[in-house]
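Notes for the one structure printed next.
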Amino acid sequence: MSRGTLWGVGLGPGDPELVTVKAARVIGEADVVAFHSARHGRSIARSIAQPYLRTGQIEEHLVYPVTTETTDHPGGYRGAIDDFYEESANRIAAHLDSGRNVALLAEGDPLFYSSYMHMHRRLTDRFDAVIIPGVTSVSAASAATGTPLVEGDEILTIIPGTLPADEIARRLSDSNAAVIMKLGRSYGAVRQALDTSGQLDRAYYVERASTSGQRVLPAADVDPSSVPYFSLVLVPGAQPVSETEPDGMVTVLGLGPGHHDWTTTEVRQELTRATDLIGYGPYLDRIPARDGQIRHVSDNRDEPARAELAFKLAAGGRRVAVVSSGDPGVFAMAAAVLEEARAWPDVTVRVLPAMTAAQAVASRVGAPLGHDYAVISLSDRLKPWEIIESRLRAAAAADLVLAVYNPASKSRTWQVASMREVLLEHRDPATPVVLGRDVGGSGESVRVTTLGELDPSQVDMRTLLIIGSSQTQWQNTDSGPQVFTPRRYPAQ
């Protein structure tokens, strides 16, 4: 006897007319129709499928032993549910082993927050399974509000309402549009997250979308005590720029050291709003292209010209983002823009922070910046070497860890060796030195040497150096070098 086939049948959000033609056919042809319900016995899935059932079919009613209530099961709620899924899978397997085809009903789509998935995992290693997709509650809710959910290259995030309120708020802030599901008792925390993230006034509450009991309300007007599980919150995309912000403005922002995950949510949101991007070509290449957004690519050395261009565009009503790598306030464009801003008093300027290259390099080896440290650039293009050398001596004499930016370039080849000689007047040759090159990028390399063995030929413009203090410690482990500077300092 051949085995039966398991059909995961998506029923859509609730309206029987939104059941697909294929799903209706399979329901009517199946030998067994299986469906879930809570202990009250009323199955939403069966009520949706009822017009397509036929006389003589076997019905497997799978009743949850618990939903949110407490249980005396020795394994608690999780143990009771796991036992229930195992028992349900065995009941369905008995039909499949007997050659009967089973249509397991699922509201919405079988593979989208559905009970079907628990049977799928337990049965598909033994039986053939076919999935029939269904219209999700997300699509039904968007239709119910008559509001476009996402367009263009906007990002939609699906968030379980069972997450903590601060986590929901964080994910809302990182998305163009969002849908929050699994409400019920969690709605109080969801409302708090919407308020915290500034999305409450533009969010819709949709209950039992597509059914005769459908309700659509502003999320701010909903009584948390009246919210059923089968409801959701929809936050549409295309959020307009705040009316309190001027049409023309300059924002100086940093992308972080290299990896896209290190670009902050605030920066990513501003990049999507900007009409114009100004920056060094390799930095702008890290930003996805957007329709209608203009890029002004420049050489990395002409900071005043970039700043002037930003204000000219903003004065004409453009929303300009001046792009730096790392943090814009650390040897980057923020200072040049603010210097130029004195000539444009009517143009608003903002600076958005980002992770610095020093933080990124330090993280790769542990915590070399765990105590007091100084940040110094070895570039003498904008300040004389005598000033750099005096600062190196002062920092070394104070026993500060050093994060050294811009150590060398094609035209500057002697500064690293000169720096090493200055530091060796105050530091032991065994002092750890971290060399981080292109950290977060495709060519990343990180290694540790000592001040005495530091080879200047191994350092270029894309390298950042971290030079330890007298307290910095270094050890090699199976996972690589570990360098840290203790937070305690010995009494003198």
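The values are calculated or read from the model by the stated rules, or taken from the named source; none is laboratory data. Here the structure is a predicted model, which means the values were calculated and not measured. Please note: Cβ atoms are built from the backbone with ideal geometry, for glycine as well, and neighbour counts cover all protein chains shown. The accessibility values were calculated without ligands, DNA or RNA, using every heavy atom of the protein model including side chains. Shrake-Rupley method; radii C 1.70, N 1.55, O 1.52, S 1.80 Å.
Observations, loosely collected:
- Residues of the range 146-174 that are open to solvent by less than 70 Å² (accessible area, probe 1.4 Å) and either in contact (Cβ under 8 Å) with a residue 60 or more places away in the chain or in the same structural domain as GLU266 (by the TED database) (or both): THR147, LEU149, VAL150, GLU154, LEU156, GLY161, LEU172, SER173, ASP174.
- Subset of the range 377-404 (residues that are under 30 Å from THR265 (Cα atoms), more than 30 Å from the chain's Cα centre (by Cα) and surrounded by 20 or more Cβ atoms within 10 Å (Cβ to Cβ)): LEU402, VAL404
- Residues that are in contact with a helix residue (DSSP H, G or I) (Cβ under 6 Å, 6 or more places away or on another chain), open to solvent by 70 Å² or more (accessible area, probe 1.4 Å) and either outside the structural domain of PRO328 (by the TED database) or not in a helix (DSSP H, G or I) (or both) do not occur anywhere in the range 244-260.
- Among (1) under 24 Å from HIS371 (Cα atoms); (2) open to solvent by 10 Å² or more (accessible area, probe 1.4 Å); (3) under 39 Å from the mean Cα position of the chain (by Cα), the one test that GLU425 misses: (3)
- Residues (of a type in the set (Gly, Ala, Ser) and over 13 Å from LEU194 (Cβ atoms)) located in the range 204-240: ALA209, SER210, SER212, GLY213, SER225, SER226, SER231, GLY237, ALA238
- Residue within the range 187-195 that is touching a Pro at 6+ places or on another chain (Cβ under 7 Å), open to solvent by less than 10 Å² (accessible area, probe 1.4 Å) and farther than 19 Å from ASP109 by Cβ present: yes
- Residues that are in a strand (DSSP E or B) and either touching a helix residue (DSSP H, G or I) at 6+ places or on another chain (Cβ under 6 Å) or more than 27 Å from PRO282 (Cβ to Cβ) (or both) are absent from the range 331-338.
Residue by residue, here is whether (1) open to solvent by less than 60 Å² (accessible area, probe 1.4 Å); (2) within 18 Å of SER409 (Cβ to Cβ); (3) not assigned by the TED database to the domain that holds PRO407 holds:
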position	(1), (2), (3)
VAL323	yes, no, yes
GLY329	yes, no, yes
MET333	yes, no, yes
LEU338	no, no, yes
ALA343	no, no, yes
SER363	no, no, no
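The rows are residues; the columns are (1) under 26 Å from LEU232 (Cα atoms); (2) open to solvent by 30 Å² or more (accessible area, probe 1.4 Å); (3) touching a residue at least 60 places away in the same chain (Cβ under 8 Å).
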position	(1), (2), (3)
ARG42	yes, yes, no
SER47	yes, yes, no
THR55	no, yes, no
HIS61	no, yes, no
ARG78	yes, yes, no
ARG91	no, yes, no
HIS95	no, no, yes
ASP109	yes, no, yes
